[in-house]
Amino acid sequence: MNIAVVANTAKKSVDVAKELKEKLVAAGFILETEKPDVVITIGGDGTLLNAFHTYVDRIDLVRFIGVHTGHLGFYTDWRDYELDLLVKSLKEEVSKGVYYPLLDVKLTYSDTEETKHFLALNEATVKNLDKTMVAEVYIKDELFETFRGDGLSVSTPTGSTAYSKSIGGAVIHPRVNAIQLNEVASINNRVYRSLGSPMIIAKDEWIRLELKKGDNYQLHVDHFVIPQENLSSMTLKISDKRIQFASYRHTHFWRRVNDAFIGES
Ligand code: NAP
Ligand code: MN
(Lines give C-alpha, C1' and ligand atoms only; values in the text may rest on other atoms or scores of the structure.)
(Ligands and ions follow the chains in the order given, each with its own letter.)
Protein backbone atom coordinates (compact mmCIF):
# COMPACT_ATOMS: atom_id res chain seq x y z
CA MET A 1 0.00 0.00 0.00
CA ASN A 2 1.40 3.37 -1.06
CA ILE A 3 0.64 6.26 1.23
CA ALA A 4 0.94 10.03 0.80
CA VAL A 5 1.07 12.18 3.90
CA VAL A 6 0.01 15.79 3.29
CA ALA A 7 0.19 18.42 6.03
CA ASN A 8 -0.62 22.09 6.29
CA THR A 9 2.13 24.51 7.30
CA ALA A 10 1.31 24.75 11.01
CA LYS A 11 4.22 23.57 13.13
CA LYS A 12 2.10 20.99 14.92
CA SER A 13 0.94 19.50 11.62
CA VAL A 14 4.49 19.37 10.24
CA ASP A 15 5.66 17.59 13.42
CA VAL A 16 2.78 15.12 13.35
CA ALA A 17 3.42 14.41 9.64
CA LYS A 18 7.08 13.65 10.36
CA GLU A 19 6.18 11.32 13.19
CA LEU A 20 3.49 9.57 11.14
CA LYS A 21 5.82 9.04 8.17
CA GLU A 22 8.37 7.37 10.46
CA LYS A 23 5.72 5.08 11.90
CA LEU A 24 4.40 4.18 8.44
CA VAL A 25 7.85 3.31 7.11
CA ALA A 26 8.60 1.24 10.22
CA ALA A 27 5.34 -0.67 9.59
CA GLY A 28 6.41 -1.46 6.03
CA PHE A 29 4.34 1.05 4.07
CA ILE A 30 5.75 2.89 1.06
CA LEU A 31 5.60 6.69 1.08
CA GLU A 32 4.53 7.78 -2.39
CA THR A 33 3.15 11.17 -3.31
CA GLU A 34 2.64 10.61 -7.07
CA LYS A 35 0.32 7.62 -7.12
CA PRO A 36 -0.81 6.86 -3.59
CA ASP A 37 -3.53 4.37 -2.63
CA VAL A 38 -4.17 6.24 0.59
CA VAL A 39 -3.81 9.97 1.29
CA ILE A 40 -3.49 11.00 4.92
CA THR A 41 -3.95 14.70 5.60
CA ILE A 42 -2.74 16.42 8.75
CA GLY A 43 -4.38 19.72 9.66
CA GLY A 44 -8.00 20.78 9.21
CA ASP A 45 -10.87 20.38 6.77
CA GLY A 46 -9.13 22.85 4.47
CA THR A 47 -6.10 20.56 4.32
CA LEU A 48 -8.30 17.65 3.23
CA LEU A 49 -10.02 19.90 0.69
CA ASN A 50 -6.62 20.82 -0.77
CA ALA A 51 -5.55 17.19 -0.94
CA PHE A 52 -8.81 16.25 -2.63
CA HIS A 53 -8.00 18.67 -5.46
CA THR A 54 -4.39 17.47 -5.67
CA TYR A 55 -5.55 13.89 -6.24
CA VAL A 56 -8.87 14.57 -7.99
CA ASP A 57 -7.66 12.91 -11.21
CA ARG A 58 -7.16 9.66 -9.30
CA ILE A 59 -10.32 9.97 -7.23
CA ASP A 60 -11.49 6.43 -8.07
CA LEU A 61 -8.19 5.01 -6.85
CA VAL A 62 -7.49 6.80 -3.59
CA ARG A 63 -8.90 6.67 -0.11
CA PHE A 64 -8.55 9.59 2.28
CA ILE A 65 -7.90 9.77 5.99
CA GLY A 66 -7.97 13.07 7.86
CA VAL A 67 -6.00 13.69 11.04
CA HIS A 68 -6.86 16.93 12.76
CA THR A 69 -4.34 18.99 14.67
CA GLY A 70 -6.90 21.64 15.68
CA HIS A 71 -10.59 21.12 16.32
CA LEU A 72 -12.60 18.05 15.25
CA GLY A 73 -13.43 18.54 11.60
CA PHE A 74 -15.96 17.16 9.17
CA TYR A 75 -13.42 15.39 7.01
CA THR A 76 -10.99 14.70 9.82
CA ASP A 77 -11.71 11.81 12.22
CA TRP A 78 -8.37 11.07 13.74
CA ARG A 79 -6.56 12.82 16.57
CA ASP A 80 -2.86 13.53 16.42
CA TYR A 81 -2.19 11.30 19.45
CA GLU A 82 -3.77 8.26 17.78
CA LEU A 83 -1.07 7.67 15.17
CA ASP A 84 -0.16 4.17 16.42
CA LEU A 85 -3.78 3.11 16.29
CA LEU A 86 -4.12 4.62 12.82
CA VAL A 87 -1.09 2.73 11.49
CA LYS A 88 -2.34 -0.49 13.08
CA SER A 89 -5.79 -0.05 11.50
CA LEU A 90 -4.20 0.52 8.10
CA LYS A 91 -2.03 -2.58 8.54
CA GLU A 92 -5.00 -4.75 9.47
CA GLU A 93 -7.37 -3.08 6.98
CA VAL A 94 -10.11 -3.76 9.46
CA SER A 95 -13.10 -1.92 8.09
CA LYS A 96 -14.63 -0.70 4.88
CA GLY A 97 -14.61 2.86 3.67
CA VAL A 98 -17.41 5.36 3.40
CA TYR A 99 -18.26 7.22 0.20
CA TYR A 100 -19.56 10.77 0.02
CA PRO A 101 -21.16 12.55 -2.95
CA LEU A 102 -19.25 15.04 -5.08
CA LEU A 103 -20.60 17.92 -7.13
CA ASP A 104 -20.12 17.92 -10.90
CA VAL A 105 -19.84 21.41 -12.35
CA LYS A 106 -20.02 21.99 -16.10
CA LEU A 107 -19.45 25.44 -17.57
CA THR A 108 -20.28 26.75 -21.02
CA TYR A 109 -19.17 30.01 -22.60
CA SER A 110 -20.63 32.44 -25.12
CA ASP A 111 -17.43 32.78 -27.15
CA THR A 112 -16.34 29.15 -27.48
CA GLU A 113 -17.81 25.70 -27.91
CA GLU A 114 -15.43 24.37 -25.29
CA THR A 115 -16.85 23.40 -21.94
CA LYS A 116 -15.09 23.18 -18.60
CA HIS A 117 -15.59 20.63 -15.87
CA PHE A 118 -14.86 20.74 -12.17
CA LEU A 119 -15.48 18.43 -9.26
CA ALA A 120 -16.22 20.05 -5.92
CA LEU A 121 -16.11 18.46 -2.50
CA ASN A 122 -17.84 21.33 -0.66
CA GLU A 123 -19.53 23.64 -3.15
CA ALA A 124 -19.49 25.76 -6.28
CA THR A 125 -20.60 29.38 -6.03
CA VAL A 126 -21.09 31.93 -8.79
CA LYS A 127 -21.18 35.62 -8.03
CA ASN A 128 -21.25 38.89 -9.86
CA LEU A 129 -19.48 41.37 -7.64
CA ASP A 130 -19.80 44.36 -9.98
CA LYS A 131 -23.57 44.48 -10.30
CA THR A 132 -26.70 42.48 -9.64
CA MET A 133 -26.35 38.94 -10.90
CA VAL A 134 -29.25 37.85 -13.06
CA ALA A 135 -29.62 34.13 -13.63
CA GLU A 136 -32.38 31.94 -14.96
CA VAL A 137 -32.59 28.87 -12.77
CA TYR A 138 -33.62 25.67 -14.53
CA ILE A 139 -34.35 22.45 -12.68
CA LYS A 140 -34.17 19.44 -14.98
CA ASP A 141 -34.26 21.78 -17.99
CA GLU A 142 -37.48 23.45 -16.87
CA LEU A 143 -37.37 27.14 -16.02
CA PHE A 144 -38.02 27.54 -12.30
CA GLU A 145 -37.26 31.20 -11.56
CA THR A 146 -35.21 34.22 -12.48
CA PHE A 147 -32.78 35.00 -9.69
CA ARG A 148 -31.44 38.46 -8.95
CA GLY A 149 -28.91 39.10 -6.22
CA ASP A 150 -25.24 38.57 -5.35
CA GLY A 151 -24.94 34.96 -6.37
CA LEU A 152 -25.96 31.32 -6.16
CA SER A 153 -24.22 28.44 -4.48
CA VAL A 154 -24.66 24.69 -4.84
CA SER A 155 -23.22 22.43 -2.18
CA THR A 156 -22.71 18.75 -1.45
CA PRO A 157 -24.03 17.16 1.76
CA THR A 158 -20.55 17.33 3.34
CA GLY A 159 -20.27 20.92 2.13
CA SER A 160 -23.52 21.77 3.90
CA THR A 161 -21.60 22.61 7.07
CA ALA A 162 -19.25 24.97 5.21
CA TYR A 163 -20.17 28.07 3.16
CA SER A 164 -23.68 26.76 2.56
CA LYS A 165 -24.46 26.95 6.27
CA SER A 166 -23.24 30.54 6.47
CA ILE A 167 -25.72 31.58 3.79
CA GLY A 168 -28.68 29.89 5.44
CA GLY A 169 -28.52 26.36 4.03
CA ALA A 170 -29.67 23.29 5.92
CA VAL A 171 -27.15 20.87 7.39
CA ILE A 172 -27.55 17.64 5.41
CA HIS A 173 -26.49 14.19 6.55
CA PRO A 174 -23.84 12.92 4.09
CA ARG A 175 -25.78 9.69 3.52
CA VAL A 176 -28.45 11.79 1.79
CA ASN A 177 -27.52 11.71 -1.88
CA ALA A 178 -28.61 15.21 -2.85
CA ILE A 179 -27.32 18.69 -3.60
CA GLN A 180 -28.48 21.99 -2.18
CA LEU A 181 -29.02 25.29 -4.00
CA ASN A 182 -28.65 28.42 -1.88
CA GLU A 183 -29.19 32.07 -2.71
CA VAL A 184 -26.68 34.74 -1.77
CA ALA A 185 -28.51 37.98 -0.95
CA SER A 186 -31.44 37.67 -3.35
CA ILE A 187 -33.48 40.72 -4.26
CA ASN A 188 -37.08 39.98 -3.39
CA ASN A 189 -39.76 42.59 -3.81
CA ARG A 190 -42.95 43.09 -5.80
CA VAL A 191 -41.03 43.16 -9.07
CA TYR A 192 -38.34 40.55 -8.57
CA ARG A 193 -39.09 37.19 -7.05
CA SER A 194 -37.12 34.05 -6.37
CA LEU A 195 -37.92 31.24 -3.94
CA GLY A 196 -35.88 32.75 -1.12
CA SER A 197 -35.21 29.47 0.64
CA PRO A 198 -32.71 26.65 0.07
CA MET A 199 -33.72 23.92 -2.36
CA ILE A 200 -32.63 20.32 -2.03
CA ILE A 201 -32.33 18.58 -5.37
CA ALA A 202 -32.68 14.81 -5.78
CA LYS A 203 -29.92 12.72 -7.31
CA ASP A 204 -31.62 12.26 -10.68
CA GLU A 205 -32.18 16.00 -11.07
CA TRP A 206 -29.79 18.76 -12.11
CA ILE A 207 -29.62 22.53 -11.92
CA ARG A 208 -28.78 24.77 -14.85
CA LEU A 209 -28.02 28.45 -14.38
CA GLU A 210 -28.29 30.59 -17.49
CA LEU A 211 -26.27 33.73 -16.89
CA LYS A 212 -26.61 37.13 -18.47
CA LYS A 213 -24.07 37.53 -21.24
CA GLY A 214 -21.27 40.03 -21.12
CA ASP A 215 -20.98 40.13 -17.35
CA ASN A 216 -17.92 39.13 -15.39
CA TYR A 217 -18.50 36.39 -12.91
CA GLN A 218 -16.48 34.94 -10.11
CA LEU A 219 -16.62 31.21 -9.74
CA HIS A 220 -15.69 29.64 -6.42
CA VAL A 221 -15.03 25.90 -6.43
CA ASP A 222 -14.19 24.90 -2.88
CA HIS A 223 -11.21 27.09 -1.89
CA PHE A 224 -10.42 28.16 -5.47
CA VAL A 225 -11.62 31.46 -6.90
CA ILE A 226 -11.67 31.53 -10.69
CA PRO A 227 -12.64 34.71 -12.61
CA GLN A 228 -14.90 33.89 -15.56
CA GLU A 229 -15.28 35.94 -18.72
CA ASN A 230 -18.02 35.05 -21.19
CA LEU A 231 -19.46 32.43 -18.87
CA SER A 232 -22.93 31.64 -20.16
CA SER A 233 -24.20 28.65 -18.20
CA MET A 234 -23.45 26.30 -15.35
CA THR A 235 -24.88 22.83 -14.95
CA LEU A 236 -24.66 21.28 -11.51
CA LYS A 237 -25.42 17.71 -10.54
CA ILE A 238 -24.24 14.92 -8.30
CA SER A 239 -21.16 13.39 -9.87
CA ASP A 240 -20.85 9.71 -10.79
CA LYS A 241 -17.61 9.86 -8.87
CA ARG A 242 -17.46 9.84 -5.11
CA ILE A 243 -14.80 10.47 -2.52
CA GLN A 244 -13.82 7.50 -0.41
CA PHE A 245 -12.75 7.86 3.16
CA ALA A 246 -10.93 4.97 4.75
CA SER A 247 -13.07 4.97 7.81
CA TYR A 248 -11.53 2.65 10.32
CA ARG A 249 -13.56 4.39 12.97
CA HIS A 250 -16.30 6.84 12.31
CA THR A 251 -17.57 9.77 14.30
CA HIS A 252 -21.35 10.06 14.37
CA PHE A 253 -22.30 12.92 12.01
CA TRP A 254 -24.65 14.80 14.35
CA ARG A 255 -22.08 14.52 17.11
CA ARG A 256 -19.62 16.37 14.85
CA VAL A 257 -22.22 18.99 14.04
CA ASN A 258 -22.82 19.52 17.73
CA ASP A 259 -19.08 19.67 18.41
CA ALA A 260 -18.48 22.20 15.63
CA PHE A 261 -21.42 24.54 16.15
CA ILE A 262 -22.86 24.04 19.62
CA GLY A 263 -20.21 22.33 21.72
CA GLU A 264 -22.36 21.03 24.52
CA SER A 265 -22.42 17.27 24.09
P1 NAP B 1 -10.83 28.71 5.18
O2 NAP B 1 -11.13 30.15 4.92
O3 NAP B 1 -9.72 28.33 6.07
O4 NAP B 1 -12.17 27.94 5.63
C5 NAP B 1 -13.17 28.56 6.32
C6 NAP B 1 -13.66 27.59 7.38
O7 NAP B 1 -14.46 26.57 6.78
C8 NAP B 1 -12.56 26.87 8.17
O9 NAP B 1 -12.92 26.91 9.53
C10 NAP B 1 -12.63 25.45 7.62
O11 NAP B 1 -12.22 24.49 8.56
C12 NAP B 1 -14.10 25.33 7.39
N13 NAP B 1 -14.54 24.25 6.52
C14 NAP B 1 -14.05 23.84 5.31
N15 NAP B 1 -14.78 22.82 4.84
C16 NAP B 1 -15.75 22.56 5.76
C17 NAP B 1 -16.82 21.64 5.83
N18 NAP B 1 -17.05 20.78 4.84
N19 NAP B 1 -17.63 21.68 6.91
C20 NAP B 1 -17.43 22.56 7.90
N21 NAP B 1 -16.44 23.47 7.89
C22 NAP B 1 -15.61 23.48 6.83
O23 NAP B 1 -10.61 27.98 3.76
P24 NAP B 1 -10.40 26.44 3.53
O25 NAP B 1 -10.00 25.78 4.80
O26 NAP B 1 -9.57 26.30 2.30
O27 NAP B 1 -11.88 25.97 3.16
C28 NAP B 1 -12.54 26.42 2.01
C29 NAP B 1 -14.00 26.36 2.30
O30 NAP B 1 -14.30 27.35 3.25
C31 NAP B 1 -14.92 26.67 1.12
O32 NAP B 1 -15.22 25.49 0.40
C33 NAP B 1 -16.14 27.25 1.82
O34 NAP B 1 -17.11 26.24 2.06
C35 NAP B 1 -15.63 27.70 3.17
N36 NAP B 1 -15.78 29.15 3.26
C37 NAP B 1 -16.76 29.61 4.07
C38 NAP B 1 -17.02 30.97 4.15
C39 NAP B 1 -18.12 31.43 5.02
O40 NAP B 1 -18.66 30.62 5.78
N41 NAP B 1 -18.51 32.69 4.92
C42 NAP B 1 -16.25 31.88 3.43
C43 NAP B 1 -15.24 31.38 2.63
C44 NAP B 1 -15.02 29.99 2.54
P45 NAP B 1 -10.65 24.24 8.91
O46 NAP B 1 -10.29 25.36 9.80
O47 NAP B 1 -10.70 22.92 9.61
O48 NAP B 1 -9.88 24.23 7.64
MN1 MN C 1 -8.82 26.27 6.54
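The values are calculated or read from the model by the stated rules, or taken from the named source; none is laboratory data. Remember, it's a predicted structure, so these values are computed and weren't measured experimentally. For neighbour counting, all protein chains shown are included, and Cβ atoms are generated from backbone atoms with ideal geometry for every residue, glycine included. Heavy atoms of the whole protein, side chains included, go into the accessibility calculation; ligands, DNA and RNA do not. Shrake-Rupley method; radii C 1.70, N 1.55, O 1.52, S 1.80 Å.
Taking (1) open to solvent by less than 70 Å² (accessible area, probe 1.4 Å); (2) modelled with pLDDT under 95; (3) at positive phi in turn, Glu93 satisfies each apart from (1). Here Asp150 passes the criteria (1) assigned to a strand (DSSP E or B); (2) in contact with an Asp or Glu (Cβ under 8 Å, 6 or more places away or on another chain); (3) away from ligand 1 (no atom under 12 Å from the Cβ) except the one numbered (2). Of the residues making up region 55-90, those that are open to solvent by 50 Å² or more (accessible area, probe 1.4 Å) and either at positive phi or part of a strand (DSSP E or B) (or both) number 1. Of the strands (runs of 3 or more DSSP E) entirely within region 165-265, those holding at least 2 residues that are in contact with a strand residue (DSSP E or B) (Cβ under 6 Å, 6 or more places away or on another chain) and within 16 Å of ligand 2 (Cβ to nearest atom) occupy 217-221. Keeping to region 1-54, report how many residues are part of a loop (DSSP other than H, G, I, E, B), within 16 Å of ligand 1 (Cβ to nearest atom) and either of a type in the set (Lys, Arg) or open to solvent by less than 40 Å² (accessible area, probe 1.4 Å) (or both). Qualifying residue count, region 1-54: 1. For region 63-90, the candidate set comprises residues that are aliphatic (A, V, I, L, M) and at pLDDT 90 or above; within that set, the residue that is nearest to ligand 1 (Cβ to nearest atom) is Val67. Scanning region 110-160 for residues that are open to solvent by 30 Å² or more (accessible area, probe 1.4 Å), under 24 Å from the mean Cα position of the chain (by Cα) and of a type in the set (Ser, Thr, Tyr) gives Thr115, Tyr138.
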